[in-house]
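Values quoted throughout were computed directly from the atomic coordinates according to the rules given, and no laboratory measurement underlies them. Just so it is clear, the structure is predicted and the values come from calculations on it, not from any experiment. Here the Cβ positions follow ideal geometry from the backbone for every residue, glycine too, while neighbour counts run over all protein chains shown.
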Amino acid sequence: MSSLYKSPGVHIESAGDRYIPLERVETGVTAFLGATARGPRNEPTRLGSFEQYERVFGAGDDFMSHAVRGFFDNGGRTAYILNVAPAGGLDPAPDDFIGQQGTEVRGLQALERIEHVDLLVAPDLMFQYGRSVAFQDPGQVLAVQRAMIEHCEKLHDRFCLLDALPGHDLEQAIDWRRQFDSSHASFYFPWIKVRKGEEVLAPVPPSGHIAGMIARNDKVEGVHRAPANQPLEGLVDVAQRLRRRDRDHAFDHRVNTLVPFAGRGIRIWGARTLSSDPAFVQINVRRLFILVRKSVEKYAQWVVFEPNEPSLWKKMVRSIDVFLGDLWKEGALVGAAQDEAYYVKCDEETNPPEARDAGELICEIGISPVKPAEFIVIRIHQWTRERTDEDKEVAPAAAAAAG
């Protein structure tokens, strides 16, 4: 009983409105798919540091360990590790990554229930290629990468970073990349070199390091900032150096390259998805849509079973309008005014009687995402200023004054 009440009787307290503010979800949360030395199998495990990874899963010179270390070194904050290693010490097979066969929830299937994930990488896939008896053919790697993309497209709330195959040169990487067309994935070349103590190790896939950089970029500047022209930490060099015309060739095929710049470190040069759809060729555009979708979906949970009537519609519009307005103020949306950058519509028009009778509440949102400046053109002209009659009169006068 509350100490505020001093006499017997009925005391009515307001439980408050069940209105919940719309808050943006955390981004840059990365799922790592691959076999580890130990640790739980097919159980996504949330980690906040590389030291935790070492304690739970062990660490060595495998690609998974280097990728997780690179993720945290580059500013990553939250990772989910999914150990796909089969029981009995067997080598992992493609379906251990994909998880379609059998009754046990495995691989990508196990990641479906983790709603916080918004980035997906599988650096260990390249470690298994050529080592595991089940990964002797490039088509087996292709099957897993396609499954990763399908996983992201199916859930609509995550984005995958794909690595090139080991030993591929630029032309081979471009040929490999042609097998994908999706706005939920991006492709990176070349591999990177990292150091262990004083020793420079053999090249490793870059996806883990890139995921960490993206997470850092999300925290510092926001999802709307293209994840490119940012330094990567913990790298010694790239496995293959590309000339400018090679980078241009790669960019034409939506292959994002890693380039060393004197005095500026190694940076990602390109922020393109693998999509042929002009509306979603930039990574930041797709990820902004993912952010809006996940944030609104999480917020709207309180609306379920509420009376479907105008006061509820207004509450939804008000919350979503504030959320999108903040994104606009941060520069994520294009428009001189808010009504040019986005709109939110939830009224009698979007919710006709037949929709309400079916138990549907329809809220329509439109956004105009900012796009990166990829081609900076500076025109330099030679300009000669011709003397005017006034100049000719001033010059003799100046000379006379000097005399």
Inter-label distance for residue 337 and residue 113, nm, one decimal - labels placed 7 Å from Cα along Cα-to-Cβ: 5.0 nm
Cysteines of the chain lacking any other cysteine beta carbon under 4.7 Å? 152, 160
Among 72, 30, 250, which residue has its Cα positioned farthest towards the positive end of the charge dipole of the chain, with +1 placed on the Cβ of Lys and Arg, -1 on the Cβ of Asp and Glu, and the dipole taken about the Cα centre? 72
Which value, in debye to the nearest 20, describes the size of the charge dipole of the chain about its Cα centre when Lys and Arg Cβ atoms bear +1, Asp and Glu Cβ atoms bear -1, and nothing else is charged? 1020 debye
³J(HN,Hα) across the stretch 304-317 via Karplus (A = 6.51, B = -1.76, C = 1.60, θ = phi - 60°), whole Hz, x for Gly/Pro? 4, 6, 6, x, 7, 8, x, 5, 5, 4, 5, 4, 5, 4
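First check a/c for the stretch 30-282, with a ≥ b ≥ c the square roots of the eigenvalues of its C-alpha gyration tensor; if it is under 1.5, answer rounded, and if not, answer prolate when a/b is larger than b/c or oblate otherwise. Intermediate values should be presented prior to the final figure.
Values: a/c = 1.38, a/b = 1.26, b/c = 1.10.
Taking the square roots of the gyration eigenvalues as a ≥ b ≥ c, the stretch 30-282 is rounded.
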Residue-by-residue Karplus 3J(HN,Hα) for the stretch 168-182, coefficients 6.51, -1.76, 1.60, Hz, glycine and proline x: 5, 8, 4, 5, 5, 5, 5, 4, 5, 5, 5, 7, 10, 8, 7
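Taking only DSSP H segments of four or more residues, each worth -39500 (n - 2.57), what value at 222 nm results for the chain once the sum is divided by all its residues, to the nearest 500 deg cm²/dmol? Each step should come with its number before you reach the end.
Details: 14 runs with 143 residues, N = 403.
Per the formula, -10500 deg cm²/dmol.
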Exceeding 26 Å between C-alpha atoms, which entries from my cross-link table qualify? They are 219/298; 219/329; 329/371; 314/371; 154/298. 314/371
Inter-probe distance in nm under a simple model that places probes 7 Å from Cα toward Cβ, at residue 101 and residue 322: 5.2 nm
Under 9 Å, Cβ to Cβ, from residue 236 - net charge with Lys/Arg +1 and Asp/Glu -1: +1
Just 275, 311, 295 to compare: in a GNM of the chain, with alpha carbon springs under 10 Å, which one fluctuates most? 311
What number, in percent, do you get for the relative contact order of the stretch 304-367 if the mean sequence gap of Cα pairs under 8 Å and at least 6 apart is divided by its residue count? 33 percent
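Restricting to the chain, what percent of DSSP beta bridges are antiparallel, rounded to 5? Intermediate values should be presented prior to the final figure.
On the way: 20 of 37 bridges.
In the chain, DSSP labels about 55 percent of beta bridges as antiparallel.
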